[in-house]
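Reviewing the structure listed below.
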């Protein structure tokens, strides 16, 4: 039974939020620490405080300095993270043997700083997880060199109940175990949060005063899942570029692969009977596309500056780029002639196939009844970025594409999101042979072995956040308009569902900030560096809802043409508008209207 969030509940929520902002609140449902009441447990003694079903595998004190991050190539940019002195704990929850005969457990990494600020930070994951990463409190956006651990938060991370196996299909083999699917979808976050709070309470002899969940991509999906399924566990969440309908977005990824393969087949010889996917669009083609997007839509916000702030009004027509006469590939009689036509076309147009592929891809796939499967997409000025193309068609020169739509999205669709799962390591072949209209139903299917579908255990798309709102919970959403993985329009869709349920009261619990030109989570020619965590904390603890958040274009971002530029991110549906005076590279020259 769902309880509606009525005005009287809202009034109580507002009053409670005001009290909480003034005096803080003790987290709910935290077990009493073991040992003598009020006595903190040293790091080495925390094994005595673990809840039932949990085993610690590491408990050590770490001095202030830098740590090498797990899963990051040593010496690569961002391979190390600064950390304060802290207690580092690792452990396993619910160790078991799966139906596939393999060992499973919910692994977690917990770090508790010596100088604790009284807050708990759950660091969201990414992809299908499967790696126990370091809980330093990664912040959303691009180029943030600090972390939540440095700011005094106790931070936890989970591998979501499985570890990647070797091989191309290794990261997705957990999808053959029904419980591993559920752990990955939602259970591991709840169990990890429960155990982490117990250990925090034991270590400090005090429960967290505030708890936050922060993530992007799958981490953003996890944040939404916690607000909906476990509304009392967190006071605030950040869901950046949320993968909240990732089974359907994975169908879109396969659909895109099929479309781009058609363009690639005209642009380069087949290899092993398959198109070289990276040949679908050249870098020059993509730059031509975004130049035309700016030609058609840049001025819609009142300022020509390389940013389409008024992207909802951009009715971009790719047809304007179609080649005419001898330059069109469709005038050729054979595939060989088509390839010749493509290579001799000028830099001012795209082939008919390329234009058609773009139109179909950005409209999104349809099911057997002609209904939209996922979402449509906006044309934006960041589509030429390598952060966009590496997802759609990649840059591999042969018949083994490295596009993330294949190596990640298709693998997950086949083995994790579909019932029954399809075991394969040939993800490109699976994508090319996938019947989008028919096979997409498998993400909603169940059987005796898998009684819950991916749309049930993986998708937090309910607008019912009554319980989360009643205790003052807040949700912040961020989404890049040039995101190639999850459409910003789908996140706008979810905000629309909230508004249908709560009307104007939606602004008291959820706010969305879109970032023009930004790719997935970060990157692209965008002002992608921003402080979302402070905005959330100020909203939860001080009652200051964010109306605008200043974002910066990072000088080290190779896609940026105006390094150091700042712009406001405006609470949806407001957009930045130039005031008419002052530098267009200074956020102070813009309002949110």
Looking at residue 227, is it part of a helix (DSSP H, G or I), surrounded by fewer than 24 Cβ atoms within 10 Å (Cβ to Cβ), in contact (Cβ under 8 Å) with a residue 24 or more places away in the chain and in contact with a strand residue (DSSP E or B) (Cβ under 9 Å, 6 or more places away or on another chain)?
no
Looking at (1) part of a helix (DSSP H, G or I); (2) farther than 18 Å from residue 216 by Cβ, which one does residue 189 not meet, given that it meets all the others?
(2)
Which residue is modelled with the lowest pLDDT, if the candidates are limited to region 40-75 and must be more than 24 Å from residue 129 (Cβ to Cβ) and in a loop (DSSP other than H, G, I, E, B)?
75
Condition test on residue 32, is it loosely packed, with under 13 Cβ neighbours inside 10 Å, in contact with a helix residue (DSSP H, G or I) (Cβ under 9 Å, 6 or more places away or on another chain) and at pLDDT below 95?
yes
Residues being at pLDDT 95 or above and assigned to a helix (DSSP H, G or I) - total across region 341-396:
19
Filtering region 76-97 for residues that are surrounded by fewer than 17 Cβ atoms within 10 Å (Cβ to Cβ) and not in a strand (DSSP E or B) leaves a count of 5
In contact with a helix residue (DSSP H, G or I) (Cβ under 8 Å, 6 or more places away or on another chain), in the same structural domain as residue 296 (by TED's automatic domain parsing), assigned to a helix (DSSP H, G or I) and surrounded by fewer than 19 Cβ atoms within 10 Å (Cβ to Cβ): does that describe residue 413?
no
The one condition residue 498 fails out of (1) in a helix (DSSP H, G or I); (2) over 25 Å from residue 126 (Cβ atoms); (3) outside the structural domain of residue 389 (by TED's automatic domain parsing) is (2)
Return the residues of region 148-179 that are closer than 30 Å to residue 119 by Cα and either crowded, with 23+ Cβ neighbours inside 10 Å or not assigned by TED's automatic domain parsing to the domain that holds residue 96 (or both); say none if nothing qualifies.
148, 149, 153, 154, 155, 156, 157, 158, 159, 160, 161, 162
Going by the structure shown, is residue 309 under 24 Å from residue 584 (Cβ atoms), in contact with a helix residue (DSSP H, G or I) (Cβ under 7 Å, 6 or more places away or on another chain), in contact (Cβ under 8 Å) with a residue 60 or more places away in the chain and not in a strand (DSSP E or B)?
yes
Regarding residue 275, is this residue under 23 Å from residue 386 (Cβ atoms) and surrounded by fewer than 17 Cβ atoms within 10 Å (Cβ to Cβ)?
no
Failed condition for residue 182, given (1) in contact with a helix residue (DSSP H, G or I) (Cβ under 8 Å, 6 or more places away or on another chain); (2) crowded, with 24+ Cβ neighbours inside 10 Å; (3) assigned by TED's automatic domain parsing to the domain that holds residue 155; (4) closer than 20 Å to residue 127 by Cα:
(2)
So residue 142, is it assigned by TED's automatic domain parsing to the domain that holds residue 235, in a loop (DSSP other than H, G, I, E, B) and surrounded by 24 or more Cβ atoms within 10 Å (Cβ to Cβ):
yes
Would you kindly identify the strands (runs of 3 or more DSSP E) lying entirely within region 509-588 that contain at least 3 residues that are modelled with pLDDT of 95 or more and buried (at least 23 other Cβ atoms within 10 Å of the Cβ)?
510-515, 566-570
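The values are calculated or read from the model by the stated rules, or taken from the named source; none is laboratory data. Since the structure is predicted, the reported quantities are computational estimates derived from the model, not experimental observations. As a convention, Cβ positions derive from the backbone with ideal geometry for all residues, glycine included, and neighbour counts pool all protein chains shown.
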